[in-house]
Amino acid sequence: MAQLPTTAKKLKLRNVQSIADGFALRIDGVPQIMALRVSNPDRVILDLQATEIAPEIHNTILAVNRFGIKQVRIAQFQKSPAIARLVFDLSSDVPINLLSSFDSGQGLFRLRLAGTVSANPSIALQALQTNPPTNFASGKAIVEGLSFNGYGQLVIKASRSISYQGSFDSRNNTYTFRIPNSQIAAQLRRPLLGSNSPIEQIRLNQVGDMVDVSIKTSSGWQITETGRANPQEIALQLVSLGATAISAKTGSQPRINNSGLSNQIAQIDNRSTGQSGNSKQIVVIDAGHGGPDVGATRGGIYEKDIVLAMSQQLGQILQQMGYGVVYTRTKDEDLDLEPRVQIAENVNASAFISIHVNSLDANVSMVSGVETYHAPNASLGKTLAELVHQQIIAGTGANDRGVRSARFHVILKTSMPAILVETGFITNPNEAAKLVSAAYQRKIAEAIAMGVNQFLKSYQR
Ligand code: ZN
């Protein structure tokens, strides 16, 4: 997947301010941003890559109390590689669309809130237009084409970073959005829409400096936005009303949403682009134990249940990030170790994440914390383990028991980067209370997802 060229030098974020229609970041360039919307509590996390925060604003809170945003927490999330993190704590579950622009003269990177500012979104869009991102060569982003990616997503590709805001109108089954400062390519690639296609019609219109896109779905289909892993692309998820969750117990094929759809879309893609169009990275999530094998247990709490809940949350987050997800188990069932490995091998996974809960022989113990394992001599596995482990420690504040190597079957026998996370000790009463709470499980899942995302973006080309 193409990515924005990143500047080799580190950026310096000196200040974050609330302005009339959003936020102004005083920074000496355009950061590459990874965004994630999470719930419980509702918040938006922006990770600015290769960005150092001025010490005086590290660990500060900017009160906002408008646009549905309570506050912004600002921190140096990680030193090496440097990642600055802005967490927008939301007061309601309003949709947040951020439009970005960079003013090189003033050294201001603006994040404007589209849609929440005014009922008329053109205000934000016009503001953006007069202030196009200047890190790219002059001129507009070329909207180069649309294609299905084989996983139930329609992907719009442009020559440069683009912003957009869209909405789905269920009355006429149409999703519309506008891409500012852009132009339709002379030779626009577009998919062939067969009679069974979930999309009935795609229209693009050049309106001044903007491209208006309108996508009408077939009846029974909706479009939802997905997280943007790549600022040059907009991926729209096609959702069948009444779609079933992924089930990949057999592991023969990555079955996404609705297996019929996935094949059909892949075919459309092949005809229209001549490529396989199937480039989505798959993460296999392995909830340890299951069925009669309950794993670690204390006081009626079973490891098998905790790790299943965590794995489901992790899967949802990774899907939102745009990854394909395959679970080794999605319910309380007995599953040997070797079939878990085979599932990952069969789908040619890019990463394998096994989730466990720890315990000691003692009935109650003060020992607590997280251990992340990779197979001996697995250098990519070790990198993945380190990235995930850092995120968990930073995200949960749990005791750091380190990244370790061990010959666990599932990480030893899988051929892709593989880790096993011991998420905490149920023999520690405090940690056990956390491990069974959905909020803490969510924290762990988010942290693992961010580590996996960092790894797959940086090391799996
Ligand atoms: Zn276990």
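A few remarks follow.
- Our coupling estimate for the stretch 173-185, obtained by passing each phi through the Karplus curve with A = 6.51, B = -1.76, C = 1.60 and θ = phi - 60°, is 6, 10, 9, 10, 8, 10, 10, x, 6, 8, 8, 6, 5 Hz, Gly and Pro reported as x.
- Close amide-amide hydrogen proximity is noted between Ser405 and His374, each under 5 Å apart and 5 or more residues distant or on a separate chain (H modeled in the peptide plane; Pro and chain starts excluded).
- Built amide H within the under 5 Å cut-off of Ser354, gap 5+: Asp286, Ile419, Leu420, Val421
- At a probe radius of 1.4 angstrom, the accessible area of the stretch 339-421 per residue rounds to 41 square angstrom.
- Extension gain, Lys9 to Leu380, is 131.1 nm, computed as 0.36 nm per intervening residue step minus the present C-alpha separation.
- Computed from backbone phi with θ = phi - 60° and the Karplus coefficients 6.51, -1.76 and 1.60, the 3J(HN,Hα) list for the stretch 397-411 is x, 5, 4, 8, 9, x, 8, 9, 10, 7, 9, 6, 3, 5, 8 Hz; x is used for glycine and proline.
- Sorted largest first by accessible area at a 1.4 angstrom probe radius, with every protein chain in place, the residues Lys79, Lys331, Lys457 fall in the order Lys79, Lys331, Lys457.
- Taking amide H atoms as placed 1.01 Å from N in the peptide plane, the amide H of Ile53 lies under 5 Å from those of Leu13, each 5 or more residues away in sequence or on another chain.
- Computed from backbone phi with θ = phi - 60° and the Karplus coefficients 6.51, -1.76 and 1.60, the 3J(HN,Hα) list for the stretch 57-71 is 10, 5, 6, 10, 10, 9, 6, 10, 6, 7, 6, x, 10, 6, 7 Hz; x is used for glycine and proline.
- Set of the stretch 303-325 residues, backbone N closer than 19 Å to the point 7 Å along the Cα-Cβ line of Leu360: 303
- Taking all protein chains together and a 1.4 Å probe, the residues Arg401, Arg329 rank Arg401, Arg329 from largest to smallest accessible area.
- What the Cα atoms of the stretch 141-240 give is an Rg and a Dmax of 12.6, 34 Å.
- Rounded Å value of the spacing that divides the Cα centres of the stretch 7-73 and the stretch 329-353: 38 Å
- Accessible area, probe 1.4 Å, largest first, for residues Thr330, Thr383: Thr330, Thr383
- Arg189 accessible area, 1.4 Å probe, all protein chains in place, Å² to nearest 10: 100 Å²
- About its Cα centre, the stretch 292-351 has a charge dipole of approximately 240 debye under the convention of +1 per Lys or Arg Cβ and -1 per Asp or Glu Cβ, with nothing else charged.
- Cα-based convex hull, the stretch 305-461, per residue volume (Å³, whole number): 109 Å³
- Pairs exceeding 20 Å between alpha-carbon atoms, taken from Lys79/Lys280; Lys413/Lys443; Lys331/Lys413; Lys10/Lys79: Lys79/Lys280; Lys413/Lys443; Lys331/Lys413.
- Within the full protein context, the accessible area of His289 is estimated at about 40 Å² for a probe radius of 1.4 Å.
- Judged by the mean number of other Cβ atoms found within 10 Å, the most tightly packed of the peptides 52-63, 25-36, 346-357, 429-440 leads the ranking 346-357, 25-36, 429-440, 52-63.
The values are calculated or read from the model by the stated rules, or taken from the named source; none is laboratory data. Source: prediction; values computed, not measured. Ideal geometry is used to build each Cβ from the backbone, glycine not excepted, and the neighbour counts take in all protein chains shown. Areas reflect the complete protein model, heavy atoms only, side chains present, ligands, DNA and RNA absent. Shrake-Rupley method; radii C 1.70, N 1.55, O 1.52, S 1.80 Å.
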